[in-house]
Amino acid sequence: MKVFLMRHGDAQTGADDAKRQLSEEGRGEAGVAGEFLRRAGEAPGAIFHSGLRRSMETAMIVSEKLGSGTKLSLRKGLLPDDNVPEFADGLIETLFSPVGFDESGGVMIVGHQPFVSSLAAFLLTGEEGGLSLKFPTGTLACFELSGSLSAMPFCSLRFHVTAKLMNRLLGA
């Protein structure tokens with residue numbers, strides 16, 4: 001099972017954090033991530049996003065680029081300072097139970113910093129501070145879950161690419 005983890009695209013500045021929308025650059029970052037996944041033959045069955053506008057917009061653009069009818073799902077626990085181990089426990093439970101989407105494609109999570117970096121570390125080491133992966137806006141990572149949840153780490157890193165690198169790889 002694959003877990004794709006992405007930090008939302010670049011957002012406009014504004015007083016109301018929850019309503020900040022993607023900038024033009026952020027829309028481009030989201031689009032290139034969707035195109036990168038599409039060309040790689042990766043199609044998550046669902047994209048989980050927080051309730052913040054920039055996360056939802058990123059998820060929508062990625063889904064449109066995939067063109068596969070990927071299910072979008074608002075999920076609690078994805079805000080910048082939310083509890084990573086609690087979310088990870090719920091995620092693992094969701095992934096290993098019938099969830100109503102194509103599990104073979106895995107799931108994508110579009111979140112915020114510092115949550116995204118902490119979740120990446122937790123998936124790889126079992127600790128939020130177990131290592132440091134940088135997630136500039138638009139960065140995408142893919143993790144492969146092992147068959148056993150009793151042994152740590154239970155994920156391996158397949159790739160970690162910035163929006164800038166995805167643009168170069170796609171020849172954009």
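Coordinate-derived values only; no laboratory data. Since we're looking at a predicted model, the values are computed, not measured. Ideal geometry is used to build each Cβ from the backbone, glycine not excepted, and the neighbour counts take in all protein chains shown.
Antiparallel DSSP bridges in the chain: what percent, to the nearest 5? Given both bridge residues lie in the chain, the antiparallel proportion sits at roughly 50 percent.
Here the label points at ASP17 and ARG168, each 7 Å from Cα along the C-beta direction, are separated by 3.3 nm in the simple model. Given the alternatives (1) 46; (2) 50; (3) 54, percent of Cα pairs over 20 Å apart as computed for this entry is given by (1). Label positions at PHE159 and GLU93, each projected 7 Å from the Cα along the C-beta direction, are separated by 3.3 nm.
Remark: relative contact order (segment 24-125) = 35 percent; criterion is Cα-Cα distance under 8 angstrom and separation of 6 or more residues.
Between GLU127 and ASP81, the distance separating the two model label sites (each 7 Å from Cα on the Cα→Cβ line) works out to 2.4 nm.
Among VAL3, VAL110, the order by Cβ neighbours within 10 angstrom, fewest to most, reads VAL3, VAL110. When the chain is described by a simple charge dipole with +1 on each Lys and Arg Cβ and -1 on each Asp and Glu Cβ, the residue from GLY111, GLY41, LEU79 located farthest towards its positive end is GLY41. What number, in percent, do you get for the relative contact order of segment 24-80 if the mean sequence gap of Cα pairs under 8 Å and at least 6 apart is divided by its residue count? Here the relative contact order equals 42 percent. Rounded to the nearest 20, the size of the Cβ-charge dipole of the chain about its Cα centre is 500 debye, with Lys and Arg at +1 and Asp and Glu at -1.
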